[in-house]
Amino acid sequence: MKGRTIGILAGLGAIVLGTALTTWLSGTVTTLTSQQPLVVSGTAAAPAVVASGAILLVSALALTTASRTVARVILAVAAATSALGVGMVVWVLAHTEDVMIASASGTSALEGTIHVSPILYLNLAAQGVAVVFSLFALWRVKAWSFERTRFESASTAPADPRTQAMDDWDALSAGDDPSGETGSLGTNRRSS
């Protein structure tokens, strides 16, 4: 489940970032001299959405080495930032005219209708799924497998011979004798 969560969060982050770089709104504005077409990208309309997508990607990366407690924090942050991103996109949808006028310099009015790109709705959907999925993963994190890596202390790991062999090699590399009385191959291991 952990690997699937990492893949889904990375995919959602890529969708959010990719859709933020495209056109969200388009229309015609009236300037002092003429009428001009205007397009507004997601990064201009809602800059926080880029941060939301980036945080999803970083969260997926951070989950690869996170402990159970850190994974819970990461997933909570991913859910919260995605929820803020959803709020930002909904605000853009509710204030399309204001966003268009703010993006055009020297304009006083919009001419015709504002066209909302389906990409904006895709971004909204991806962030909504990210919120729900992050909360679901947060609830399921207790069932994930967190195996010990060779960089963790030996006291927290089960007595697996393969893991112990890695620890012995690390001790040798550090200049310690794992077969000595105080090493990992000391009297306790010899008697078994």
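Calculate one ³J(HN,Hα) per residue across segment 11-19 by plugging θ = phi - 60° into the Karplus curve 6.51 cos²θ - 1.76 cosθ + 1.60, and present them in order as whole Hz with x for glycine and proline.
Along segment 11-19, the couplings run x, 5, x, 5, 5, 4, 5, x, 6 Hz.
Just the ratio, please: alpha-carbon radius of gyration of segment 1-142 over 2.2 N^0.38 Å, N its number of residues.
Output field value: 1.23.
Suppose R0 equals 41 Å; then what is the FRET efficiency for Asp176 and Val129 from their Cβ-Cβ distance, rounded to the nearest 0.05?
That gives a FRET efficiency of 0.25.
Quick check: pseudo-label points 7 Å beyond the Cα along Cα→Cβ at Val77 and Asp98, how many nm apart are they?
It works out to 3.0 nm between the two label points.
Calculate, for segment 3-126, the solvent-accessible area per residue in square angstrom, rolling a 1.4 angstrom probe over the heavy atoms of the protein chains.
48
R0 = 45 Å: FRET efficiency of Ser34 with Tyr121, Cβ-based, nearest 0.05?
It comes out at approximately 0.90.
Carbon and sulfur together cover what percent of the accessible area of segment 69-129 at a 1.4 Å probe radius?
So the carbon and sulfur contribution to the accessible surface is 68 percent.
The values are calculated or read from the model by the stated rules, or taken from the named source; none is laboratory data. None of the values given here were measured: they were computed from a predicted structure. Using ideal geometry, Cβ is built from the backbone for each residue, glycine included, and neighbour counts are taken over all protein chains shown. Surface accessibility is based on the protein's heavy atoms, side chains included, excluding ligands, DNA and RNA. Shrake-Rupley method; radii C 1.70, N 1.55, O 1.52, S 1.80 Å.
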